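**Q** Encoded as structure tokens, here's the structure I'll be asking about.
FYI, it's all coordinate maths here, none of it is from the lab. The model shown is predicted, which means the values in this text are computed figures rather than measured ones. Don't worry about glycine lacking a Cβ; one is built from the backbone with ideal geometry, like all the others, and counts go over all protein chains shown.
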Amino acid sequence: MQFHHSSQLRDAYPDLVAGVVLASGITATADEAGRTADYLTEARRRLTADGAESGFPEIQAWRRAYAAMGLRPTKYRCAAEALLRRLRLDGELPRVHPLVDLCNAISAAYAIPVAALDLDRVDGDLVVRPARGDEAYLSFAGDTEHPEPGEVTFVDSAGRAHARRWTNRQSGWSAVRAGTSSVLIVAEALHPGAEPAVTRLVATLVTELTEGWSAPTATAVLTAAAPRFRTPEPG
């Protein structure tokens, strides 16, 4: 299996950096509540020190990208901004699954969108690219949608769309659930200093996956110079 961003997307966003973590042995019984709380505390600290999330350089970069795609940034927020906004307004984030909760908390702490996909629900390769309009996206409500032509989405070899509006909304089809065992976690950033920040985020994920699940991992930090991640060959 390969994961990459299309050349068209790379050309449009040359500063894009993506962190990729492949992990197996995930269960819904791990107790990550304490560590999740620590990352949420860090996110709250930054919101208190630096003000509303809309002013964070990480979020401003995504807002510029959304505006360039013709999307109103205050209507369609990247996932990290949506999480930080909810945390600022409500004080907490909803609990879904230990891994999802952890990824959401890390995303808020770093102000970088983090997506966790059930790898068994991804068919073949996965590419982030502008949609043609015929890709099938399954919402969390169970409705089938089709991304607009040109809309950035994650597309697998079967033509399934695993996201809407790039980092705005994940698909219900590949969402992590109780029976999930193998996951592909993707973090994407566009701001100045993205590469060291994403590198730290990937290291954080590996530490948490190792300590919480004893999960074997494979990782990569993808840039314009090294744009592809390939899953390791079975040993």
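**Q** What helices does the chain have that are whole DSSP H segments, at least 15 Å long along their own axis by Cα, and with mean Kyte-Doolittle hydropathy of 0.5 or more?
**A** On the way: long enough: 33-50 (25 Å, -0.97); 57-68 (16 Å, -0.67); 79-90 (16 Å, 0.01); 98-110 (18 Å, 1.04); 194-213 (27 Å, 0.43).
Qualifying helices, which must be both long enough and hydrophobic enough, are 98-110.
**Q** Just name one of Thr144, Pro130, Gln170: the one whose Cα is farthest towards the positive end of the charge dipole of the range 124-190 (beta-carbon charges, Lys/Arg +1, Asp/Glu -1).
**A** The one lying farthest along the dipole's positive direction is Gln170.
**Q** Highest mean first, what order results for 115-126, 2-13 on Cβ atoms within 10 Å?
**A** 115-126, 2-13
**Q** Label-point separation (nm) for Leu89 and Ala52, each offset 7 Å from Cα along Cα-to-Cβ?
**A** 1.1 nm
**Q** Moving on to the next point. Ranked highest first by average number of other Cβ atoms within 10 Å, how do 128-141, 198-211 line up?
**A** 198-211, 128-141
**Q** Work out the charge dipole of the range 1-111 with +1 on the Cβ of Lys and Arg and -1 on the Cβ of Asp and Glu about the Cα centre, then indicate which of Gly91, Gly19, Leu40 is farthest towards its positive end.
**A** My answer, from the dipole projection, is Gly91.
**Q** Expressed as a rounded percentage, what relative contact order does the range 95-223 have, with Cα pairs under 8 Å and six or more residues apart? Mind showing how you got there, number by number?
**A** Working: 200 pairs, mean separation 32.0, N = 129.
For the range 95-223, the relative contact order is 25 percent.
**Q** Let me ask something else. Taking the C-alpha atoms of the range 47-101, how large are the radius of gyration and the largest Cα-Cα span, Dmax, in Å?
**A** 12.4, 35
**Q** Now for a different question. How big is the range 71-121 by Rg and Dmax over its Cα atoms, in Å?
**A** Both quantities, over Cα of the range 71-121: 11.7, 35 Å.
**Q** Same structure, new question: Could you give the radius of gyration (one decimal) and Dmax (whole number) of the Cα atoms in the range 3-45, in Å?
**A** Expressed in Å, the Cα Rg and Dmax of the range 3-45 come to 16.7, 42.
**Q** What is the percent of Cα-Cα separations in the range 144-203 that go past 16 Å?
**A** Of all Cα-Cα pairs in the range 144-203, 56 percent lie more than 16 Å apart.
**Q** How large is Rg over Rh for the chain, taking Rg from the Cα atoms and Rh as the Kirkwood inverse mean of 1/r across Cα pairs? Intermediate values should be presented prior to the final figure.
**A** Numbers: Rg = 16.5 Å, Rh = 17.7 Å.
That ratio is 0.93, to two decimals.
**Q** Now for a different question. Let me check against my output: what whole-number percent is the relative contact order of the chain, with C-alpha pairs under 8 Å and at least 6 apart?
**A** Numbers: 464 pairs, mean separation 83.5, N = 235.
It rounds to 36 percent for the chain.
**Q** Suppose every Lys and Arg Cβ carries +1 and every Asp and Glu Cβ carries -1, with no other charges. What dipole size does the chain come out with about its Cα centre, to the nearest 20 debye?
**A** On the way: 25 positive and 29 negative charges, 125 e Å.
For the chain, the charge dipole is close to 600 debye.
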